[in-house]
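Below is one structure, written out as structure tokens; comments come after it.
Derivation of every value follows stated rules applied to the coordinates shown; laboratory data play no part. Given the structure is predicted, the values throughout are model-derived calculations rather than measurements. Here Cβ is always computed from backbone atoms with ideal geometry, including for glycine, and neighbour counts include all displayed protein chains.
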Amino acid sequence: MESKACSYSLAVKTSHVLPPDTNSHGTLFGGKLMAHIDDVGAIAAGRHARKPVVTASTDSVDFLAPVKEGDTICVEAFVTWTHNTSMEVFVKAVTEDLLTGDRKVCTTAFMTFVAVDDDGRPTPIPSVYPVTSQQENLHESAPVRAERRKERRKHSKEVASTFGTDFPWNQGV
């Protein structure tokens, strides 16, 4: 498989923030923004792999600035690093007040997607290489993030095992 540049996978989606998308504070629901992030991230991953992809993890999503009703939200994503069947995708969301032109980064996130075959099993993907200094920075720091994800996943499995599938009221709590 031939290696691809990070920018090959770039995916961008811009949307108006309308009243049904907002909470009682007049700002975009966090879950709605997370859905945009997952959607655009999956497009970038699929564009890179040219295979179906599934979301394996989302690193922390920090809401850095509110997205207000009437603003636009622009979500950009691209593949920053690859392993055998998985890829890290960087996602940035920018809010814009169309009347003033004021723009703010409202969220950044790193996601991991896995390419799958027709039977839903992980399948190999091309490697990725950076072109810009920003891409280089993300590419070089990706192995550290991957190791953190591995540790976090291990901890998540331990917690899941501890709590099991029963509801608390079934356990005499």
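The table below gives the values:
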| read-out | value |
| --- | --- |
| Subset of the stretch 1-18 [among the hydrophobic types (A, V, I, L, M, F, W, C), more than 16 Å from the chain's Cα centre (by Cα) and under 12 Å from Pro126 (Cα atoms)] | Met1, Ala5 |
| Complete set of residues in the stretch 85-106 that are of a type outside the set (A, V, I, L, M), crowded, with 23+ Cβ neighbours inside 10 Å and out of contact with any helix residue (DSSP H, G or I) (no Cβ under 6 Å at 6 or more places or on another chain) | Thr95, Cys106 |
| Residues (buried (at least 21 other Cβ atoms within 10 Å of the Cβ) and either over 14 Å from Ala142 (Cβ atoms) or free of Cβ contacts under 8 Å to residues at least 60 places away in the same chain (or both)) located in the stretch 110-125 | Phe110, Thr112, Val114, Ala115, Ile125 |
| Subset of the stretch 77-86 (residues that are in contact with a Ser or Thr (Cβ under 7 Å, 6 or more places away or on another chain) and not polar (S, T, N, Q)) | Phe78, Val79 |
| Residues that are farther than 18 Å from Gly70 by Cβ and over 8 Å from the mean Cα position of the chain (by Cα), drawn from the stretch 84-106 | Asn84, Thr85, Ser86, Met87, Glu88, Lys92, Val105 |
| Failed item, numbered, when Val128 is tested on (1) of a type outside the set (Asp, Glu); (2) buried (at least 16 other Cβ atoms within 10 Å of the Cβ); (3) closer than 30 Å to Ser24 by Cα; (4) in contact (Cβ under 8 Å) with a residue 24 or more places away in the chain | (3) |
